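Okay, so here's the structure we're looking at.
The values are calculated or read from the model by the stated rules, or taken from the named source; none is laboratory data. Note that the coordinates shown come from a computational prediction; the quantities given were computed from them, not determined experimentally. We place every Cβ from the backbone using ideal geometry, glycine too, and count neighbours over all the protein chains shown.
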Amino acid sequence: MATTATAGRHSLDQALTTKPPQSLWVDAWGRLKKNRAAMFGLALVIGFFFLAIFGPMLAPHDPLKINDGKSFLPPVWSPEIFNSTNKVGDPQFFLGTDSIGRDVFSRLIYGARVSLVVAVVPTIFITALGISLGLLAGYSGGMLDNLLMRFTDIVYSFPDLLFFVVVMFALRDSFLGDWANGLILLFGALAIVNWVGIARVVRGSTLSIKEKEFIEAARSIGTRDQAIMQRHILPNILSPIIIIVAFSVPRLIITEAVLGYLGLGLRPGTSSQEFFVTSWGSLLLEGQTAINAQPWMLLGPAIAVALVVMGFTFLGDGLRDALDPRMKGTG
């Protein structure tokens, strides 16, 4: 009997000293930290944001300064096989110079601003619009749901890249095309058709959760529909939203690079004091035309785009596994 009582007290002490259950976000962060690929992706993303924010302090030269007599200089460490101009590299130009003697490395650093701003700002509008329409359609149901989803289907039917090309080409010389070097036009073109994926995911999640007992309880005590959507439904469907946003960011970065490569991106800046001087897409276009004389003009921005896209992709994979462990190893 004494042994049984002692064992019982020991079990009770263990129960009393057991740590309280962790929240979803603390538990997800713990799983995310164990994912080495996700942590590597997070480090890449933070590094590129640091580069974009502090670019003017990190760039060794003015990205628009023309250095006379130093056009198409190769990097100092460049192998001779990549040097078709028979010129010797200058130690002060890490990645060499372009056709008019501008420092390629400094232009590459300044180009990070455009790609990351294009990744973040349109994503905010896309997410807000997608969540609003998805919540409204899923919670309301009936005719309103049908109308919103048919509108979503119409927008979804537009070929994304073709739509971007048409908008940028048609409005490039308009007021919108001149405003902020075309940045506002680019934001609008990216946001108009990219919200449909989030809207569909939010609607589906809302349909599955709006009939739960705690939602019925909130209705029964007279809680307004808007409050139910904001305080009860939205917090419970954040996981799929975060995942889809993490995967949409690299797609926007690639789209901006493609538009810049096609010559339909932002207008080049005229002063290094401007927030946007050049973009990686524009640098890809410049590098393509001079690939034989200075291949690092093309390889530099291509590697930068690849690294930042890889960072966001690894982070998205990690968030997917951390927020929904059942999905691990799928997709």
(request) Search segment 204-222 for residues that are within 14 Å of N236 (Cβ to Cβ) and pair each with any residue that is of a type in the set (S, T, N, Q) and surrounded by 13 or more Cβ atoms within 10 Å (Cβ to Cβ) when their beta-carbon atoms are under 7 Å apart and the residues are at least 6 apart or on different chains. (result) I209/N236
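This table checks each residue for (1) modelled with pLDDT of 90 or more; (2) of a type outside the set (S, T, N, Q); (3) part of a helix (DSSP H, G or I).
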{"residue": "L12", "(1), (2), (3)": "no, yes, yes"}
{"residue": "A15", "(1), (2), (3)": "no, yes, yes"}
{"residue": "P21", "(1), (2), (3)": "no, yes, no"}
{"residue": "V26", "(1), (2), (3)": "no, yes, yes"}
{"residue": "G30", "(1), (2), (3)": "no, yes, yes"}
{"residue": "A37", "(1), (2), (3)": "yes, yes, yes"}
{"residue": "L42", "(1), (2), (3)": "yes, yes, yes"}
{"residue": "G47", "(1), (2), (3)": "yes, yes, yes"}
{"residue": "F50", "(1), (2), (3)": "yes, yes, yes"}
(message) Suppose the filter is closer than 24 Å to L144 by Cα and either at pLDDT below 85 or of a type in the set (D, E, K, R) (or both); does D225 pass it?
(response) yes
(request) List the number of the failed condition for I209; all other conditions in (1) surrounded by fewer than 19 Cβ atoms within 10 Å (Cβ to Cβ); (2) within 18 Å of P122 (Cα to Cα); (3) at pLDDT 85 or above; (4) of a type in the set (A, V, I, L, M, F, W, C) hold. (result) (2)
(message) So, in segment 89-121, exactly how many residues are surrounded by 24 or more Cβ atoms within 10 Å (Cβ to Cβ), without any contact (Cβ under 8 Å) to a residue 60 or more places away in the chain and assigned to a loop (DSSP other than H, G, I, E, B)?
(response) 0
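Those residues that are among the basic types (K, R) and either closer than 18 Å to G260 by Cβ or loosely packed, with under 15 Cβ neighbours inside 10 Å (or both), I need them from segment 170-206; list them, please.
R172
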(request) Out of L144, L135, report the one residue that is in a helix (DSSP H, G or I) and exposed (fewer than 14 other Cβ atoms within 10 Å of the Cβ). (result) L144
